[in-house]
1. I need the phi-derived Karplus couplings for region 88-100: 6.51 cos²θ - 1.76 cosθ + 1.60, θ = phi - 60°, integer Hz, Gly and Pro marked x.
2. I'd like the antiparallel share, as a percent to the nearest 5, of DSSP beta bridges with both residues in the chain.
3. Taking +1 at the Cβ of each Lys and Arg and -1 at the Cβ of each Asp and Glu, which of 68, 116, 33 sits farthest along the dipole of the chain towards its positive end, judged by Cα position relative to the Cα centre?
4. Once you place label points 7 Å from the Cα toward the Cβ at residue 18 and residue 205, how far apart are they in nm?
5. Can you compute the charge dipole magnitude of the chain about its Cα centre, using +1 on each Lys and Arg Cβ and -1 on each Asp and Glu Cβ, nothing else charged? Give it in debye, rounded to the nearest 20.
6. For the chain, take the longest principal axis of its alpha carbons; what is the angle in degrees between that and the long axis of helix 159-169, to the nearest 10 within 0 to 90?
7. Based on the inverse mean of 1/r over its pairs of different Cα atoms, what is the Kirkwood hydrodynamic radius of region 2-121, in Å?
8. Taking square-rooted eigenvalues a ≥ b ≥ c of the alpha carbon gyration tensor, is region 57-125 rounded, prolate or oblate, where a/c under 1.5 means rounded and, failing that, a/b exceeding b/c means prolate?
Amino acid sequence: MRVLFVGPSHPEAAWLFKALQESAHSLQRADDLRDGVFLASQEPFDAIVLMVLEVGSYSALHGFIGEFATAGSGAAIVAVLGAATAQDRTKVLRAGADACFCQPYSFIEMHERMAALQRVGGGGFASAVASVLPAVGGPSLDAATRELVCGARRVGVTRREFLLLECLLRQVNAPVARDQLIRYAWPEKEDVDPSSVNLVVSRLRRKLSDDVPEVRIETVSRFGYQVSVLCF
């Protein structure tokens with residue numbers, strides 16, 4: 001899942017960001033709401049997580065939620081507050097958020113709510129994935145186990161391999177630019193050596209060749225890569 005995380009420089013925000021990252025999501029981060037709206041308009045996201053911990057900033061959040069809804073093009077909007085009352089959470093939902101949590105919250109519940117919103121909403125990239133994969137009878141990814149699933153077969157992959165595969169599978173049988181793959185699979189790095197991409201692709205090719213030969217990663221000269229799926 002491609003996630004835009006907007007939160008302050010705060011230990012709680014750092015913890016949530018890391019938890020999402022370790023759950024096999026590709027994250028883009030902004031430190032304030034205005035910068036977040038700009039980033040939301042630059043590329044599609046599956047979910048936008050807005051963390052506001054100061055009670056005095058809740059009213060500002062209400063005004064920004066509508067901007068994120070417009071810029072995010074259907075991405076699920078999840079608000080995470082600090083100390084909050086039922087009335088505070090209700091105002092956030094009325095402003096347009098799809099879900100709202102406050103401290104203390106359960107990360108597992110939040111994560112599953114995001115997954116549920118993606119299933120029912122199909123926002124951001126999700127609708128493209130849902131429309132392509134069933135049409136070709138293609139594989140899917142299980143974020144819980146970090147595996148590529150193809151029928152009864154399962155192939156375990158690393159976190160980096162998972163992110164790269166997820167990016168490629170959003171455009172099955174279509175080329176994906178190398179720069180796009182780097183932004184998606186290496187979101188925490190500003191400069192990535194091309195050899196790192198080649199190494200991950202080589203590892204994935206070996207795994208697919210052994211266990212799922214009908215799924216292939218092909219090189220697109222001077223552009224990037226694409227996943228090709230043979231008809232079932």
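A short reminder: the numbers here are calculations on the coordinates, not readings from a lab. Since this is a predicted model, take the numbers as computed values, not measurements. No Cβ is skipped: glycine too gets one built from the backbone with ideal geometry, and neighbour counts run over all protein chains shown.
1. 4, 5, 4, 4, 5, 5, 5, 6, x, 5, 8, 7, 9
2. 45
3. Ranked along the dipole, the leading option is 116.
4. Computed distance between label sites residue 18 and residue 205 equals 3.6 nm.
5. Value, rounded to 20: 540 debye.
6. 80
7. Kirkwood radius, region 2-121: 14.0 Å.
8. oblate
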